[in-house]
């Protein structure tokens, strides 16, 4: 770090270029993260090919800062040489007037390509695909296919897979390059096809692509339209990027906030407050219902003040069990382990596990009251055993209820075409808090009626 600082202070661009050229692409990215004020300088100094490779793996806020400071010539070269999918991802994040200006700088063919990709919905697979791939005809010989790959492979996103299409552009099969290289040079490529390929639909959600890549262990998958015409391909590096964004967004939602579209330290305070305030207001209004529920049982509280000692215990236990269940189901749904159709299996499991967990916590609560009473650490009154019994059955009921609410909420939201992650831990906990008060005092009335109540 001291060496790079010295080169920057001396403005020795030649030595700086030699130093940067010795680093891996990922090391240059780390350097930009550590010295963001010199990011544009590093990109400007790098050779074009290395500058493009570094720029494409940076996060958008960093890319945006570099764009504002980079010289016009270098910026034009980088935008022109970016792979189509990475260029589309960048354009989709930039403001409209900036995008228009950049698109006009592209050659006619690439301009048409970029506009076509931007024509797809923002979260669709079409936005991820690149039209740079190797396509061959079924009647071609292996020799001709290899000659075609040598001629056009350099401009392809990947040559690990060769796509076989007919004269209308309809996808017939995808063949791994290993099979092509091992085949007889005089064989026909069509003889290697079995038509058991997996393809993505251009207008499908990007989340679908994540699951398909995960299940099929592929480095690239073809993208087709409704007529099965090959439009482009999606590579695993783009899917990993999207999967990371989806995971981050879900974590924000599970934590009870809107998804942040910028790094935490870069987002303005007022914007951060705005993203957090919405959910906090909703949760606060929900918790106000808890106060309303307690007001309904005000007479019972006056008769048996000792019951108020256990309200925090009861509410937190139900909220915690609900939060656990919702987090488990959200993750299981994201991994494709649980579907909407399996809601009954989920409910049955949560009925059993929720009841067992409730019995465990209820037993602990019961023993706690008995122990404190017997050791004279606290006097719960003449009817302390009934109070302990009330706490036991309340905890069984509320933990079971929390588990059911937490597990079913993500499935219900998915059924309603909403994001399951919005059934966040705070949201479920708030719902269980309100109903938990009702369960608590209902059990108390049932057991203590005629005694304390």
By my count, helices (runs of 4 or more DSSP H) wholly in the range 1-47 with at least 1 residues that are more than 23 Å from residue 68 (Cβ to Cβ) are 2-10, 13-21, 25-34
Conditions (1) closer than 19 Å to residue 321 by Cβ; (2) free of Cβ contacts under 8 Å to residues at least 12 places away in the same chain; number of the one not met by residue 399 = (2)
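Just to be sure, is residue 125 surrounded by 16 or more Cβ atoms within 10 Å (Cβ to Cβ), touching a residue at least 12 places away in the same chain (Cβ under 8 Å) and over 27 Å from residue 207 (Cα atoms)? Please lay out each step first, then the result.
Details: surrounded by 16 or more Cβ atoms within 10 Å (Cβ to Cβ): yes; touching a residue at least 12 places away in the same chain (Cβ under 8 Å): yes; over 27 Å from residue 207 (Cα atoms): no.
No: the conditions fail for residue 125.
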Look through the range 136-174, keep the residues that are touching a residue at least 60 places away in the same chain (Cβ under 8 Å) and surrounded by fewer than 17 Cβ atoms within 10 Å (Cβ to Cβ), and return whichever of them is nearest to the chain's Cα centre (by Cα).
-> 160
With respect to residue 315, determine if the residue is farther than 26 Å from residue 396 by Cβ, in contact with a helix residue (DSSP H, G or I) (Cβ under 6 Å, 6 or more places away or on another chain) and surrounded by 15 or more Cβ atoms within 10 Å (Cβ to Cβ).
-> no
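Checking the conditions here, which among 333, 288 is more than 28 Å from the chain's Cα centre (by Cα) and either modelled with pLDDT of 85 or more or more than 30 Å from residue 386 (Cβ to Cβ) (or both)?
Values: 333 fails: more than 28 Å from the chain's Cα centre (by Cα).
Unique residue meeting the criteria: 288.
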In the range 371-403, anything surrounded by 22 or more Cβ atoms within 10 Å (Cβ to Cβ) and over 48 Å from the mean Cα position of the chain (by Cα) is listed as none
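For residue 369, indicate whether it is part of a helix (DSSP H, G or I), in contact with a helix residue (DSSP H, G or I) (Cβ under 6 Å, 6 or more places away or on another chain), modelled with pLDDT of 90 or more and within 20 Å of residue 300 (Cβ to Cβ). So that I can check it myself, show each step before the final result.
Working: part of a helix (DSSP H, G or I): yes; in contact with a helix residue (DSSP H, G or I) (Cβ under 6 Å, 6 or more places away or on another chain): yes; modelled with pLDDT of 90 or more: yes; within 20 Å of residue 300 (Cβ to Cβ): yes.
Spelling it out, residue 369 is indeed part of a helix (DSSP H, G or I), in contact with a helix residue (DSSP H, G or I) (Cβ under 6 Å, 6 or more places away or on another chain), modelled with pLDDT of 90 or more and within 20 Å of residue 300 (Cβ to Cβ).
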Selection from the range 175-185 of residues touching a helix residue (DSSP H, G or I) at 6+ places or on another chain (Cβ under 9 Å) and surrounded by fewer than 17 Cβ atoms within 10 Å (Cβ to Cβ) yields 179, 181, 184, 185
In this structure, does residue 212 turn out to be touching a strand residue (DSSP E or B) at 6+ places or on another chain (Cβ under 7 Å), at pLDDT 90 or above and buried (at least 17 other Cβ atoms within 10 Å of the Cβ)?
-> no
Within the range 326-339, residues being in contact (Cβ under 8 Å) with a residue 24 or more places away in the chain and either out of contact with any helix residue (DSSP H, G or I) (no Cβ under 9 Å at 6 or more places or on another chain) or exposed (fewer than 13 other Cβ atoms within 10 Å of the Cβ) (or both) number 2
Just give me the residues in the range 78-113 being buried (at least 19 other Cβ atoms within 10 Å of the Cβ), at pLDDT below 80 and over 24 Å from residue 45 (Cα atoms), in sequence order.
-> 113
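Kindly check whether there is at least one residue in the range 186-208 that is on the phi > 0 side of the Ramachandran plot, surrounded by 14 or more Cβ atoms within 10 Å (Cβ to Cβ) and at pLDDT 80 or above.
Applying the first criterion (on the phi > 0 side of the Ramachandran plot) to the range 186-208 yields 195.
Still in the list and also surrounded by 14 or more Cβ atoms within 10 Å (Cβ to Cβ): none.
No, the range 186-208 has no match at all.
Tell me the residue from 175, 210, 198, 159 that is part of a helix (DSSP H, G or I) and not assigned by TED's automatic domain parsing to the domain that holds residue 334, please.
Working: 175 fails: part of a helix (DSSP H, G or I); 198 fails: part of a helix (DSSP H, G or I); 159 fails: part of a helix (DSSP H, G or I).
The conditions single out 210.
The values are calculated or read from the model by the stated rules, or taken from the named source; none is laboratory data. Here the structure is a predicted model, which is why all the values come from computation and not from measurement. As a convention, Cβ positions derive from the backbone with ideal geometry for all residues, glycine included, and neighbour counts pool all protein chains shown.
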